[in-house]
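The values are calculated or read from the model by the stated rules, or taken from the named source; none is laboratory data. Worth saying up front: this structure is predicted, and the values here are computed from it rather than measured. All Cβ positions, glycine included, derive from the backbone under ideal geometry; neighbour counts span all protein chains shown. Side chains are part of the model used for accessible areas, which takes the heavy atoms of the whole protein and leaves out ligands, DNA and RNA. Shrake-Rupley method; radii C 1.70, N 1.55, O 1.52, S 1.80 Å.
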Amino acid sequence: MSSRYEIRLSGSGGQGLILLGIILGETASIYENKNAVQSQSYGPEARGGMSKSDVIISDEEIDYPKAYNVDFLLALTQQSFDRYTREVKKGGIVLYDSTLVHSPREGDYRLIGLPLNDTAIKDIGKSMVINIVSLGAIVKISNIVTIENTEKALLKRVPKGTEELNKKAFYAGVNLAK
Amino acid sequence: MADIRFIQGNEACALGAIYAGCRFFAGYPITPSSEIAEMLSEELPLVDGAFIQMEDEIAAMAAVIGGSLAGKKSMTATSGPGMSLKLENLGYACITEIPCVIVNVQRGGPSTGLPTSPAQADIMQARWGTHGDHPIIAVCPSSVSEMFTETVRAFNLAEMFRTPVIVLSDEIIGHMREKIVIPEEGEIPIVNRKKPKVSPEEYKPFKGEEDYVPPMAAFGEGYRYHVTGLSHNEEGFPIQSGELVHQMNVRMHNKIYKNLDKILKNEVYMCDDAEVIIFAIGGSARSSKGAIRHLREEGIKAGLFRPLTIWPFPEDELRRVCSKAKNVLVVEMNLGQIVFEVERVLGCTGVRVDGLFDSSGEPFTPLSVANRVKEIIKR
Amino acid sequence: MGVNYHEYLREKMMPHIWCSGCTHGIVTKALIRAIDKAKLDKNKVVVVSGIGCASRMPGYLDFNTLHTTHGRALAFATGVKLANPDLHLIVVSGDGDAVAIGGNHFIHACNRNIDMTLVVLNNNIYGMTGGQRSPTTYEGDISSTSVYGSIGSPVDVVNLALGAGATFVARTTSYHVQQLESYIYSGIVHKGFSVIDAVSACYTAYGRRNKQRYKSSVDMLNYMKNNSVNISAAREKNPDELKGKIIVGIFRDSIEPEYCEEYSKMVNKIKSR
């Protein structure tokens, strides 16, 4: 049985999904000695529009770099929810933002709605950390990498001076998912 | 401690260039290759190298040739529309035998096409794009690690054979991030161009040695020689004699085609018992490996032949590997290009050659490749 | 003391390809004298050219010589210079090479102010390919692709160089041999990008087609002699009086930050951080 685990991070441009993917990939490949691949698809716009970032984590060599049989989908907009739930495998997990996604459709997957955006705004005071709140929730729910290692990768990656803020956002996400 | 990083293919390419000894880069911004230029603009000054953003793609290729003639290992990076412009001076680099590396991170075409999506439709352009007869070397990385190692190999081949070498990548490999263990210094051997051992009076800058490759002096080293894009004699001066021109062209051909053992490199994956062999490079090879995983689980004996050197074409090795197979499937992100080479090579061997082609800018999924394999073996 | 031309020529390359009556040889000799006067080490001189009659010059000169593609000489030279700033770069180019197909490189080389000297052997025609109209062909003149007379006013190489920011800009003609040598010399010793518009004559492809002005190749030199106006005198005249005249002189000689030096400063700065 393959250990390949496919994560698709979807939403809109500017939500920091690529950075989120990079941190997950770095955690797996640098801190947990696994293999990881991250890729993204994007259009010409720098902000807005659909955004998608895939992360594959595996103990084995990863051939195909994109998700096509998704184990874990993060959907931060209704549009991305509608588009990508189709590619979630039977029994996979769909984590969505409970306010940005207003009509989550049921399917052959485990549906989890959390107030990721509200938490970023209310608890941290910045909607832009929605990606880091999501990171905490993804790690807690999926168990694909450890919380400790993700924290290490996160703190190495974020700009100096923002470590505490990001740590707070990360653990807010972890706690949301408990 | 090993230097493990999680970086983009384009970044690995830039780091590989520095590792190989590249100390000159001239470029022009273009998606999806710009990260190579961006990273080298940061890295080259730190190793006393030079980086310059030129006024256009043509100028960038010209400057790279100038940099190499001044003695620096030189490189440029681009994508399809830029490659079309670079061909003019790529031809110049071929006839004047200038070592240099050109990275083409392929995107959808023709023309502006799909700037942010992958394609593999410049394969024939790499071989035949510039006018006239000339050999070329093109290497095809398929992972972030290979963006590093194949860039190093491209520089080594360029230096060894005094020739431009194309790194033919694609947007999938260029933009994806993957784990890479950065090789330590000395781990991969580095090749430097042969220098003349004779006096300036005796030096013939275009006279091949036993390996057909002429030693190369840098401008400023005391060998005052002439370099021209006109057909020239061993001393570098223009000639009209048809016989001498032909001799020169043949020597330049031989320096690549008589040294194939040093140039060709292939990955042969699960081909020993394979009834169907997939031929793929770059991003498509990864989809194909995924497909082979599925097919093997279902008991279908599939394998992969993946050239890391696509030009010159690996004729003998392809024929050997496919000798026992019934079918060959060529998977490429275009409407059918390299399949013609595969057909040419396997034409009389009784192996049936089919293709899976797509120009949508979406990489093949392993399932689409697997389904095509099932289709062709059913017939 | 006269210059020993033999020392600078690849005599085995003779005879050259230039026609009788062509004045590219005069420019070549002026260039040799200027290099001699500047006492440059032959091993450190790189002469670069593109395509055309003028671009054959490097082949005859005993330096590091680079005969490149049409219009691209400046871009090649930029690579050589940046990779080894100790080399002295001299680029020779025809008018079509410099400001038609090479126009973009011309503009950006001027703007970049990299230390090299461009000599434009400006004979107002594509000579090598058979006398087609060039960007500097005079309005109304006959060429093989403007058989009813060239339409539009010619590109002024000096104005283009000034507008693009070259820091040394001069023009003279192949009639004014001493001035030509002196301007090329000034260009070579100038730290920055210098442009010398050297008006040259092509009787074979241009003069012969425009007999109203030139009965012979000598007439072309006489035309340069009789129609050249020094820049200081030109300032006193109105535009009508200057119609058809060749304004000669040094148009700009200024010192601005040079590209390679700025690059080197940047490297030192970041490495000392």
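For the interface of chains B and C, what total accessible area is buried with a 1.4 Å probe, rounded to the nearest 100 Å²? Could you put the intermediate results ahead of the total?
Details: alone 16110 and 12810 Å², together 25720 Å².
Answer for the B-C pair: about 3200 Å² buried.
Find, among the trypsin sites (Lys or Arg not before Pro) in segment A:1-90, those assigned to loop by DSSP (not H, G, I, E, B) with at most 14 other beta-carbon atoms within 10 angstrom. Kindly include the intermediate steps, with their values, before the conclusion.
On the way: sites: A:ARG4, A:ARG8, A:LYS34, A:ARG47, A:LYS52, A:LYS66, A:ARG83, A:ARG86, A:LYS89, A:LYS90; in loops: A:ARG4, A:LYS34, A:ARG47, A:LYS66.
Answer in residue order: A:ARG47.
Can you work out the Karplus-derived ³J(HN,Hα) for every residue in segment B:9-24? Use 6.51 cos²θ - 1.76 cosθ + 1.60 with θ = phi - 60°, whole Hz, and x for glycine or proline.
Result, rounded to whole Hz: x, 4, 5, 5, 4, 5, 5, x, 4, 4, 4, 6, x, 4, 10, 8.
If you count, for each residue, the other Cβ atoms within 10 Å and average over each peptide, how do B:230-239, C:192-201 line up from highest to lowest?
Ranking the peptides B:230-239, C:192-201 by packing returns C:192-201, B:230-239.
Which cross-chain or sequence-distant (5 or more) residues have an amide H under 5 Å from the amide H of B:ILE137, H modelled 1.01 Å from N in plane?
When sequence neighbours closer than 5 places are left aside, the close amide H contacts are B:ILE166.
Please list B:358-370, B:29-41 highest first by mean number of surrounding beta-carbon atoms within 10 Å per residue. Intermediate results must be reported in sequence, preceding the final value.
Details: B:358-370: 19.4, B:29-41: 21.6.
Ranked by mean Cβ neighbours within 10 Å, highest first: B:29-41, B:358-370.
With every protein chain left in place, what is the accessible area per residue of chain B in square angstrom, probe 1.4 Å? Write out the running numbers ahead of the final one.
On the way: 13510 Å² over 379 residues.
Each residue of chain B exposes 36 Å² on average to a 1.4 Å probe.
For segment B:243-251, in order, what is each residue's ³J(HN,Hα) by Karplus, 6.51 cos²θ - 1.76 cosθ + 1.60 with θ = phi - 60°, in whole Hz (x at glycine and Pro)?
Whole-Hz 3J(HN,Hα) from phi for segment B:243-251: 5, 5, 4, 4, 4, 5, 4, 5, 4.
C:LYS211: which lysines have alpha carbons under 24 Å from its alpha carbon, excluding same-chain residues fewer than 8 sequence positions away?
Result set, ordered by chain and number: C:LYS225, C:LYS243, C:LYS245.
Probe radius 1.4 Å, ligands and nucleic acids ignored: give me the carbon and sulfur share of the accessible area of the protein assembly as shown as a rounded percent. Before the final figure, lay out the partial values.
Details: 16480 of 32350 Å².
Carbon plus sulfur share of accessible area: 51 percent.
At 222 nm, what helix-only mean residue ellipticity would chain B give, in deg cm²/dmol to the nearest 500, using -39500 (n - 2.57) for each DSSP H run of four or more? Write down the numbers at each step before the final one.
Working: 13 runs with 146 residues, N = 379.
Mean residue ellipticity at 222 nm (helix-derived): -11500 deg cm²/dmol.
With equal scatterers on the alpha carbons only and no solvent term, can you work out the Debye log10 of I(q)/I(0) for segment B:312-377 at 0.13, 0.19 1/Å?
For segment B:312-377 at q = 0.13, 0.19 Å⁻¹, log10 I(q)/I(0) is -0.37, -0.76.
Stick to Cα atoms and the Kirkwood definition of Rh, then tell me Rg/Rh for segment B:267-378. List each step's numbers first, then the result.
Values: Rg = 12.5 Å, Rh = 13.6 Å.
Over the Cα atoms of segment B:267-378, Rg/Rh equals 0.92.
Would you please give the residues with an amide H less than 5 Å from that of B:MET216, counting only those at least 5 places away or on a separate chain, with H modeled from the backbone geometry?
Counting only residues 5 or more places away or on other chains, the set is B:LYS194, B:LYS195.
Could you tell me which of the pairs A:LYS90/B:LYS179; B:LYS207/B:LYS265; A:LYS152/B:LYS179 are separated by over 21 angstrom between their Cα atoms in the structure shown?
Values: A:LYS90/B:LYS179 29 Å; B:LYS207/B:LYS265 28 Å; A:LYS152/B:LYS179 17 Å.
Beyond 21 Å: A:LYS90/B:LYS179; B:LYS207/B:LYS265.
Write down Rg/Rh for segment C:5-271, rounded to two decimals, with Rg from the C-alpha atoms and Rh from the Kirkwood relation over Cα pairs. List each step's numbers first, then the result.
On the way: Rg = 17.9 Å, Rh = 18.6 Å.
With Rg and the Kirkwood Rh in hand, the quotient comes to 0.97.
For segment B:95-155, count all C-alpha to C-alpha pairs, find those more than 14 Å apart, and express that count as a whole percent of the total.
Details: 1159 of 1830 pairs.
Pairs farther apart than 14 Å: 63 percent.
Kirkwood hydrodynamic radius (Cα pairs, Å) of segment C:82-139? Walk me through the numbers on the way to the answer.
On the way: mean 1/r = 0.0799 Å⁻¹.
Radius from the Kirkwood sum: 12.5 Å.
Let me know the Rg and Dmax you get for the protein assembly as shown when you use only its Cα atoms, in Å.
Calculated on Cα positions, Rg and Dmax stand at 31.0, 98 Å.
Can you give the average number of partner chain beta-carbon atoms within 10 Å of each beta-carbon in peptide C:108-120, as a whole number? Intermediate values should be presented prior to the final figure.
Working: counts 4, 2, 0, 1, 3, 0, 1, 0, 0, 0, 0, 0, 0.
Per residue, the average neighbour count from other chains is 1.
Could you give the length gained on full extension between C:LYS269 and C:SER254, defined as 0.36 nm per residue of separation minus the Cα-Cα distance, in nm?
Details: separation 15, 0.36 × 15 = 5.40 nm, distance 2.59 nm.
Gain on extension, C:LYS269 to C:SER254, equals 2.8 nm.
How far apart, in nm, are two points set 7 Å out from the Cα along the Cα-to-Cβ line at B:SER199 and at B:ASP211?
Distance between label points: 2.8 nm.
Given Cα pairs under 8 Å that are at least 6 residues apart, what percent is the relative contact order of chain B?
Details: 833 pairs, mean separation 60.4, N = 379.
Here the relative contact order equals 16 percent.
Between beta-carbons, use under 10 Å as the cut-off and find the net charge around A:LEU9, counting Lys and Arg +1, Asp and Glu -1. The partial results should precede the final answer.
On the way: positive: A:ARG8, A:LYS52; negative: A:ASP54.
Around A:LEU9, the surrounding residues sum to +1.
Counting only C-alpha contacts under 8 Å and six or more residues apart, can you give the relative contact order of chain A as a whole percent? Provide the component values of the computation, followed by the final result.
Values: 374 pairs, mean separation 37.6, N = 178.
Once normalised by length, the contact order is 21 percent.
With the contact rule set at Cα under 8 Å and sequence spacing of 6 or more, what percent relative contact order holds for segment C:187-271?
Numbers: 53 pairs, mean separation 20.4, N = 85.
After rounding, I find 24 percent.
List the residues of segment B:261-288 that lose 40 Å² or more of accessible area once all protein chains are present, compared with their chain alone (1.4 Å probe, heavy atoms only, no ligands or nucleic acids).
B:ARG286
Can you list residues whose amide H is under 5 Å from B:LEU114's amide H, if they're 5+ apart or on another chain and H is modeled 1.01 Å from N?
For B:LEU114, whose amide H was placed from the backbone, the distant partners under 5 Å are B:GLY108, B:GLY109.
Counting residues in chain B as N, plug N into 2.2 N^0.38 Å and put the Cα Rg over that result. Numbers along the way, then the final one.
On the way: Rg = 20.9 Å, N = 379, 2.2 N^0.38 = 21.0 Å.
In units of the globular-protein estimate, chain B measures up at 0.99.
Shielding by partners for B:212-221, please: the mean number of other protein chain Cβ atoms within 10 Å of each residue's Cβ. Each step should come with its number before you reach the end.
On the way: counts 0, 0, 0, 0, 0, 1, 5, 14, 12, 4.
Mean inter-chain Cβ contacts per residue within 10 Å come to 4.
Specify the longest stretch of chain C that does not include any exposed loop site, a site being one of the GluC sites (Glu not before Pro) with a non-H, G, I, E, B DSSP assignment and at most 15 other Cβ atoms within 10 Å.
Working: sites that count: C:GLU139, C:GLU236.
With a cap of 15 other Cβ atoms within 10 Å, the longest stretch comes to C:1-138.
Just how large is the dipole of the protein assembly as shown about the Cα centre, in debye to the nearest 20, putting +1 at every Lys and Arg Cβ and -1 at every Asp and Glu Cβ?
Numbers: 91 positive and 93 negative charges, 157 e Å.
So the magnitude is around 760 debye.
Just check segment B:3-182 against the gyration tensor rule for me: Cα atoms, a ≥ b ≥ c as the square roots of the eigenvalues, rounded for a/c under 1.5, and otherwise prolate or oblate depending on whether a/b exceeds b/c. Mind dumping the intermediate values first?
Values: a/c = 1.43, a/b = 1.09, b/c = 1.31.
Rounded, since a/c falls under 1.5.
Give me the percent of Cα-Cα pairs in segment B:194-297 that sit more than 22 Å apart, rounded to a whole number.
On the way: 2911 of 5356 pairs.
So the portion of pairs separated by more than 22 Å is 54 percent.
What is the gain in length, in nm to one decimal, between B:ASN266 and B:ASP48 on full extension, counting 0.36 nm per residue of separation less the C-alpha to C-alpha distance? Don't skip to the end; give the middle numbers.
Numbers: separation 218, 0.36 × 218 = 78.48 nm, distance 3.50 nm.
Fully extending the segment from B:ASN266 to B:ASP48 adds 75.0 nm.
What FRET efficiency comes out for the pair B:HIS131/B:HIS246, r = Cβ-Cβ distance, R0 = 30 Å, nearest 0.05? If you can, show how the numbers build up before the last one.
Working: r = 17 Å, r/R0 = 0.57.
Rounded to the nearest 0.05, the efficiency is 0.95.
Modelling each spin label as a point 7 Å along the Cα-to-Cβ direction, I'd like the B:GLU297/C:TYR148 distance in nm, to one decimal.
The two pseudo-label positions are separated by 7.5 nm.
Which three semi-axes in whole Å describe the equivalent ellipsoid of segment A:47-163, each the square root of 5 times a Cα gyration tensor eigenvalue, listed largest first? Walk me through the numbers on the way to the answer.
Values: eigenvalues 103, 82, 34 Å².
In descending order, the three semi-axes are 23, 20, 13 Å.
Read phi for every residue in segment A:17-33 and hand back ³J(HN,Hα) as whole Hz from Karplus 6.51 cos²θ - 1.76 cosθ + 1.60, θ = phi - 60°, with x for Gly and Pro.
6, 5, 4, 4, x, 5, 5, 4, x, 5, 4, 5, 7, 8, 9, 10, 6
What does the net charge come to around A:LYS89 if you take all other residues with beta carbon closer than 9 Å to its beta carbon, with K and R at +1 and D and E at -1? Don't skip to the answer; put the middle values down first.
Working: positive: A:LYS90; negative: A:GLU6, A:ASP71, A:GLU87, A:ASP108.
Neighbourhood net charge equals -3.
Any idea what % of Cα-Cα pairs in segment C:170-220 are farther than 15 Å?
Values: 673 of 1275 pairs.
Pairs farther apart than 15 Å: 53 percent.
Please list, by residue number, every one of the trypsin sites (Lys or Arg not before Pro) in segment C:1-105 that is coil in DSSP and has at most 10 other beta-carbon atoms within 10 Å. Please list the in-between numbers first.
Details: sites: C:ARG10, C:LYS12, C:LYS29, C:ARG33, C:LYS37, C:LYS39, C:LYS42, C:LYS44, C:ARG56, C:ARG72, C:LYS81; in loops: C:ARG10, C:LYS39, C:ARG72.
Passing both the DSSP loop test and the Cβ count: C:LYS39.
Per the Kirkwood definition applied to all pairs of different Cα atoms, how many angstroms is the hydrodynamic radius of segment C:49-200? Working shown, then result.
Values: mean 1/r = 0.0651 Å⁻¹.
It works out to 15.4 Å.
Averaged across C:218-225, how many Cβ atoms of other chains sit within 10 Å of each residue's Cβ atom?
Numbers: counts 0, 0, 0, 0, 0, 0, 0, 0.
Mean partner shielding for this stretch: 0.
How much mean residue ellipticity at 222 nm does chain A get from its helices, if each DSSP H run of length 4 or more adds -39500 (n - 2.57) and you divide by all residues, to the nearest 500 deg cm²/dmol?
Numbers: 6 runs with 59 residues, N = 178.
Result for chain A: -9500 deg cm²/dmol, rounded to the nearest 500.
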